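Undergrad: Pasting a structure below so you can have a look.
Each value in this text was obtained by applying a stated rule to the coordinates, not by laboratory testing. If you're wondering where the values come from, they're calculated on a predicted model, not measured in any experiment. Cβ: placed from backbone, ideal geometry, glycine included. Neighbour counts: every protein chain shown.
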Amino acid sequence: MNPGQLITLFDLPTGQEAIVSSAPVPTGGELAERELALRLFEIGFIDGERVRVVARGCPGGDPVAVRVGNTMFALRRFEAERVLVSPLCGVVA
């Protein structure tokens, strides 16, 4: 994984920290997409925020437990795939 490369939050390895680089914007589009973007925004997935994947469900890694700020959330795959992050080089907890 290259520093500065954008990947989805779902693709971030467990234990790896990253910075939210492109959170969904809660405007326009279909109602369901706007509601999802608003939910992610309200729980703290905003550009520049630090995040870390702490656990994954079995099988397939769904849902994914993510720490954002001081709070932990469980996101479904389709939610985590909407958030783009930039992995922090060499930071694995």
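Undergrad: Express the relative contact order of segment 7-92 as a whole percentage, based on alpha carbon pairs under 8 Å and six or more residues apart in sequence.
TA: On the way: 172 pairs, mean separation 35.7, N = 86.
Answer for segment 7-92 is 42 percent.
Undergrad: Continuing with the same structure: Quick query: amide H of GLU17 versus all other amide H atoms, modeled in the peptide plane; which residues come in under 5 Å with a sequence gap of 5 or more or a different chain?
TA: LEU88, VAL91, ALA93
Undergrad: Here's a follow-up. For segment 37-73, which chymotrypsin sites (Phe, Trp or Tyr not before Pro) are both in a DSSP coil and crowded by at most 16 other Cβ atoms within 10 Å?
TA: Numbers: sites: PHE41, PHE45, PHE73; in loops: PHE45.
Here no loop site has a sparse enough neighbourhood.
Undergrad: When the Karplus curve 6.51 cos²θ - 1.76 cosθ + 1.60 is applied with θ = phi - 60°, which whole-Hz ³J(HN,Hα) does each residue of segment 45-58 get, with x for Gly and Pro?
TA: So the J values, rounded to whole Hz, are 7, 10, 3, x, 6, 7, 9, 8, 7, 10, 6, 9, x, 10.
Undergrad: Can I ask one more? How do 7-17, 59-69 rank on mean C-beta neighbours within 10 Å, highest first? Spell out each step's value before the answer.
TA: Working: 7-17: 17.5, 59-69: 15.9.
Order by mean packing, descending: 7-17, 59-69.
Undergrad: Among GLU35, GLU30, which comes first, then next, by fewest other beta-carbon atoms within 10 Å?
TA: With the fewest neighbours first, GLU35, GLU30 line up as GLU30, GLU35.
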